[in-house]
Structure formats: structure tokens, C-alpha cells
1. With the requirement that a residue be in contact with a Gly (Cβ under 8 Å, 6 or more places away or on another chain) and surrounded by fewer than 21 Cβ atoms within 10 Å (Cβ to Cβ), what does the stretch 95-137 give you?
2. Does ASP123 meet the test of being over 19 Å from VAL208 (Cα atoms) and among the acidic types (Asp, Glu)?
3. Looking at the stretch 154-161, is at least one residue within 20 Å of the chain's Cα centre (by Cα) and in the same structural domain as ARG218 (by TED's automatic domain parsing)?
4. Run down THR92, THR71 and say which single residue is of a type in the set (S, T, N, Q), modelled with pLDDT of 80 or more, part of a loop (DSSP other than H, G, I, E, B) and not assigned by TED's automatic domain parsing to the domain that holds LEU142.
Amino acid sequence: MVDIFDEVDEDLRAERAQQWLKRNGWLIIAAALLIVAGAGAWQGWRWWEAKQDMAAAESFLSAQRAADALTPASPPAARAEAAHAFEQLAATAPAGYRTLSRLRAAALRAAAGDRAGAASMLDAIAADSGADPLLRDYASLLWVQYQIDDADAARLRARLAPLTAPDNAWHALAQEASAMIALRLGQTDQAAEILRRLAADVTAPEGVRHRAAALLTRPGG
């Protein structure tokens, strides 16, 4: 008797399942189609994104080759033209290449003698919350370096302050810039102390350590 009841229950369950599928089977098919369409759309987006990145990389390398071909004898107009190529790329490139292009454009503007224009571009990069924090800090460092000879020392130091922290990637270069500002103001003791720390800092780039040591060995260093 138990077996008979079990068979009847199974038949009833099977019949109910068939009826449910007849009423709602379209939902399963629709869900399956949505999953397939979503996967296809995602793959399509990834393909388009990769294509955009590749195009930006090629354009960036092309602009970089043109900039690398410049020589010290190249006229300012040639540097301005090279900067314009990076500015055009920055207008359409994905985020990473956009920031790199803006940095290269600013460097070329400065090399062409337009330090005010370069500083303005670097200010915009440093304030861009969509840019990589590492590159934003680098933009602030360049902003100081391009104006270190004549800009207000207090403003320069305020901009350098967060970059001189030991955990900042640019701390050695920021400290070197701080020493240059101190020298400009005649604060030689302060400059010498910074340079001594840099010369002994094994985490600082080799070039920074050598420059610091060279300044310290000068007469009166």
C-alpha cells in the first residue's frame, strides 16, 4: 500500500510540474535569453574597451615618438605642436592615457617656455579626482619644479608638504625641491640638513642621492 501511495504522489508531482511548466515555461526561456544576452553584451563591452585602449596606446606612442625626436635646437613652435598632439589625445583617450597625455603636454609646454600654461594644466590634473592619485601627486611635484625659481615660497612649500611624507612615492624628489627652495631663500642650514638626509636615504633614487651629495661637497656646502 505504501508503494502505491508513493507512486500516486510521484505522478501527482510530475503532473503539477508539467502544468507549471506549461504556464510559466516562458519565464525560464526569457531568463535564459537574458543571461545569454547579458553575457554577450559584457563581452562586447570588453572588446570595445580593449579596442579603445589599443587605439589610445598607438596614438600615445605616436605622439611620444614625435616628442622624442625633438632636440635642444628644436624651436618652441615644434614643442608647442608636440604638446598640442598630446592635448588632442587627452580629449578622447581613456582615463589612464588621458592623464599621461596631459602630463606630457604640460612638460612640453614648459619646455617651450610656457610655464604658466604648464602650471595651469598641472593644477587641473592635481585636482582631478578621476586621475590616479600617484599621477596627481606627480602633477603637484612638477607644478612646484616648474615654478621653483620665482613663485611664492609659502605656496610652493604648502604644495610640497603632503609629498614629503615618507610613505609618498615622490617624497625624495619633494624633499630635494624643499632643499632648493631653502637655498633660494638663503636658508642654507635648513637646506644642508635636508640634503644630508637625502644623501643617506637608501630608499631615495640614486640620482637624487648623488645630487644631494654633490651639493654638500661644494664650497660652503
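1. Of everything in the stretch 95-137, those that are in contact with a Gly (Cβ under 8 Å, 6 or more places away or on another chain) and surrounded by fewer than 21 Cβ atoms within 10 Å (Cβ to Cβ) turn out to be ALA95, ASP132.
2. It is true that ASP123 is over 19 Å from VAL208 (Cα atoms) and among the acidic types (Asp, Glu).
3. Yes - at least one qualifying residue is present in the stretch 154-161.
4. On inspection, the qualifying residue turns out to be THR71.
The values are calculated or read from the model by the stated rules, or taken from the named source; none is laboratory data. The structure displayed is predicted, hence computed values, not measured ones. Cβ atoms come from the backbone with ideal geometry, glycine included; neighbour counts cover every protein chain shown.
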